[in-house]
1. In nm, give the distance between the simple-model label positions of I198 and S151, each being 7 Å from the Cα along the Cα-to-Cβ direction.
2. Sort 145-153, 165-173 for me by packing, meaning the mean count of neighbouring Cβ atoms within 10 Å per residue, highest on top.
3. So how do 214-225, 198-209 stack up, highest first, on mean other-Cβ count within 10 Å?
4. Mind giving me the nanometre distance, one decimal, between the label points for N5 and F213, set 7 Å out from Cα along Cα→Cβ?
5. Fully extended, how many nm does the chain gain between Q34 and F77 (0.36 nm per residue separation, minus their Cα-Cα distance)?
Amino acid sequence: MPRPNPPRKRPRRRPDSVERSARAEVSLARQTAQVKEKNGSADAKAQSNAKSQSNAKGRPAPKGGAAGRARRIDEPFVPWARRSYAILVASLFGAELLIGAVYYLTISGNKPPPPSIGFFLLAVSYQPLVPVAAALVAAPVAKFISKESRSLRFMESVLAGIFQYFIWLALFVGLTFVIGGFASSTTATAVAAPSAVIGLIVIDVISYVATFFLYPPLYKFMRRRPPPRRPPAKTPKPEEARHSAKSMADKMDEASTRDPQA
């Protein structure tokens, strides 16, 4: 059943001249901006730059560890001073003695008993994990003492201990050939021969001195980036053989093959 008094439809109000002119100006400005952006004008570039800056401002900045890693990646590599590297090697020596003493206490009750603690600390570099752990401990200690602004990276710190270990190991192998090898027994009286003790002291000193002189240039060489790869040079195409002068009959034959209706 239809409604007794249906609502009357109001006539659509037509915008006046002011609104029509405002809409025309907005559409014209939009079209000019699109044309400028296509042509690459300075105004369009400025507008795009402003939009990118506003988008960058709207993005949340990384917090916590992500911000620290990003800042550390962007940080340029500046090597330490020679005095700071000397402090690092000295800290490495002290950390190896400390960690070696703690390790000796953990194995002192084993059977067969280990050698004396003095002889054990001279040969503590034979354990590869001890120099690596000592390097990780010595890096922040050396930074605190030397007042360097840049902290050593993880691999930069670990490489100091690895380098000292390999130098000591190479010298230790040479020492075993010189003195004829160590005794098979692990007691202190059997292995603590004067020649063995003096040899271990010498190779310890040489390993730390060599680390001080060779470690900084080695790490700098390892950080050297390879040159960017260049695209392979394109082989020049062979020159097309020059066609000899064609006779009129040859030209007519080519024309007939191109146009079958001829």
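1. Once both label points are built, they end up 4.6 nm from each other.
2. Values: 145-153: 14.1, 165-173: 17.6.
Ranked by mean Cβ neighbours within 10 Å, highest first: 165-173, 145-153.
3. Working: 214-225: 12.4, 198-209: 16.5.
Answer by packing, highest mean first, reads 198-209, 214-225.
4. 11.1
5. Working: separation 43, 0.36 × 43 = 15.48 nm, distance 4.51 nm.
Length gained between Q34 and F77: 11.0 nm.
Rule-based calculations on the coordinates, nothing more; no lab input. Bear in mind the structure is a predicted one, so any value in this text is a computation, not a measurement. Neighbour counts are summed over all protein chains in view; Cβ atoms, including those assigned to glycine, are modelled from backbone coordinates with ideal geometry.
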